[in-house]
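Below you'll find the structure, written out as structure tokens, and then a few comments.
The values are calculated or read from the model by the stated rules, or taken from the named source; none is laboratory data. A quick note: this is a predicted structure, and the numbers were derived from the prediction, not measured. A quick note on method: Cβ atoms are made from the backbone with ideal geometry, for glycine too, and the neighbour counts reach across all protein chains shown.
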């Protein structure tokens, strides 16, 4: 089976099945390794900047390469049983690197909590998906945090793992997921991680560079499907994306802001420390709870378009290989 077909099937598996709680998830295993390694070697209070960077690079290399090698070995062992079983395992492993169903459900959970049970419930729900402080958030802050997270994670949770899977199967997709997990855990610019997490943050930036730009093209098509202002969204993205501190995250966030005719960015709290993110988009409409299901709709439409295009690409490759 060619890589595009495998990636398409894995995306569909995640959409239908998601992440069953009774199965051990690779990200959980990676997280335990990263946490243990970091606690033992990140002597941030007394270590030199260069020493901490090299230790962080060691964590980055062992986590990403280890994840890819273990995945490759599992795939090899499965193929020894039978080619069909090997294909099944490859698709299943790829699906664990994708989080389409989980991302959409997370948005729905925040919306349900906020609209049915009030601000406190909304704060608790959004606290499950963001790293910023949520206890003092207003309803507008909860909505903004949710929409920003949904937009950013279209790249991390859907498009990037599918693209890497299409190129290199489950091992390369798992390499990407390990890098993304590292960035989520140690890629912060605070006192503890500014040096130790440098390698992880830089690798995540490099790996997401192309997927982020593919994502905004897919989002453009998704906005067109729903007759949303796709062209003005593209203009907003071109105008505002560079204001974001990440070279990649600003692209889908600005595109989402333009597509929903809202403004994202503003003040956030991280561990009690205020941090300002530049505004993306124009406040044509207010940030209200109904913006969340609209953002979930964009996530789903983008993923369906990706699935369609990857499937068509896989079909084209199969046709030319079998006929020529």
Checklist outcome for this item: Selection from region 258-270 of residues surrounded by 15 or more Cβ atoms within 10 Å (Cβ to Cβ) and either part of a strand (DSSP E or B) or free of Cβ contacts under 8 Å to residues at least 40 places away in the same chain (or both) yields 258, 261, 263, 264, 265, 266, 268, 269
Next on the checklist: Just the residues that are more than 14 Å from residue 172 (Cα to Cα) and touching a helix residue (DSSP H, G or I) at 6+ places or on another chain (Cβ under 8 Å), please, taken from region 81-91.
Outcome noted: 85, 86, 87, 88, 89
Checklist entry - Pairs, please: C-beta under 8 Å, at least 6 apart or cross-chain, first residue closer than 18 Å to residue 178 by Cβ and in region 34-55, second assigned to a loop (DSSP other than H, G, I, E, B)? => result 38/196; 42/192; 42/193; 42/196; 55/42; 55/47; 55/196
Checklist entry - Hey, residue 276 hits all of (1) closer than 23 Å to residue 108 by Cα; (2) outside any loop (DSSP other than H, G, I, E, B); (3) modelled with pLDDT under 95 but one; which does it fall short on? => result (1)
Checklist entry - Quick one: how many residues across region 271-281 are crowded, with 17+ Cβ neighbours inside 10 Å and on the phi > 0 side of the Ramachandran plot? => result 1
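Residue-wise test of (1) within 15 Å of residue 105 (Cα to Cα); (2) touching a residue at least 12 places away in the same chain (Cβ under 8 Å); (3) over 21 Å from the mean Cα position of the chain (by Cα); (4) surrounded by fewer than 19 Cβ atoms within 10 Å (Cβ to Cβ).
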{"site": "283", "(1), (2), (3), (4)": "no, yes, yes, yes"}
{"site": "286", "(1), (2), (3), (4)": "no, yes, yes, yes"}
{"site": "296", "(1), (2), (3), (4)": "yes, yes, no, no"}
{"site": "305", "(1), (2), (3), (4)": "no, yes, no, yes"}
{"site": "313", "(1), (2), (3), (4)": "no, yes, yes, yes"}
Checklist entry - Restricting the search to region 103-122, which residues are in contact with a helix residue (DSSP H, G or I) (Cβ under 7 Å, 6 or more places away or on another chain), touching a residue at least 24 places away in the same chain (Cβ under 8 Å) and either surrounded by fewer than 18 Cβ atoms within 10 Å (Cβ to Cβ) or closer than 17 Å to residue 29 by Cβ (or both)? => result 108
Next on the checklist: Quick test for you: out of 222, 212, pick the one residue that is farther than 24 Å from residue 34 by Cα, without any contact (Cβ under 8 Å) to a residue 60 or more places away in the chain and either assigned to a loop (DSSP other than H, G, I, E, B) or within 20 Å of the chain's Cα centre (by Cα) (or both).
Outcome noted: 212
Item to check | Residue that is modelled with the lowest pLDDT, among those in region 10-23 that are surrounded by fewer than 23 Cβ atoms within 10 Å (Cβ to Cβ) and in contact with a helix residue (DSSP H, G or I) (Cβ under 9 Å, 6 or more places away or on another chain) | outcome: 23
Item to check | Scope region 233-250; condition outside any loop (DSSP other than H, G, I, E, B), touching a helix residue (DSSP H, G or I) at 6+ places or on another chain (Cβ under 6 Å) and surrounded by fewer than 19 Cβ atoms within 10 Å (Cβ to Cβ); matching residues | outcome: none
Next on the checklist: What's the number of the only condition in (1) crowded, with 22+ Cβ neighbours inside 10 Å; (2) part of a helix (DSSP H, G or I); (3) at pLDDT below 95 that residue 196 fails to meet?
Outcome noted: (2)
Item to check | Filter result for the condition that a residue is crowded, with 17+ Cβ neighbours inside 10 Å, under 22 Å from the mean Cα position of the chain (by Cα), at negative phi and part of a helix (DSSP H, G or I), over 34, 29 | outcome: 34
Checklist entry - What do you reckon, is residue 98 touching a helix residue (DSSP H, G or I) at 6+ places or on another chain (Cβ under 7 Å), under 30 Å from residue 36 (Cβ atoms) and not in a helix (DSSP H, G or I)? => result yes
Checklist entry - For residue 253, which of the numbered conditions (1) in a helix (DSSP H, G or I); (2) at pLDDT below 95; (3) within 24 Å of residue 200 (Cα to Cα) fails to hold? => result (2)
Next on the checklist: Out of everything in region 138-190 that is assigned to a loop (DSSP other than H, G, I, E, B) and surrounded by fewer than 22 Cβ atoms within 10 Å (Cβ to Cβ), what residue ends up being modelled with the highest pLDDT?
Outcome noted: 138
Next on the checklist: Here is a check on your reading of the model: is residue 4 in contact (Cβ under 8 Å) with a residue 40 or more places away in the chain, under 21 Å from the mean Cα position of the chain (by Cα), farther than 30 Å from residue 303 by Cβ and buried (at least 21 other Cβ atoms within 10 Å of the Cβ)?
Outcome noted: no
Checklist entry - In the set 77, 58, 72, 84, which member is surrounded by 14 or more Cβ atoms within 10 Å (Cβ to Cβ) and assigned to a helix (DSSP H, G or I)? => result 72
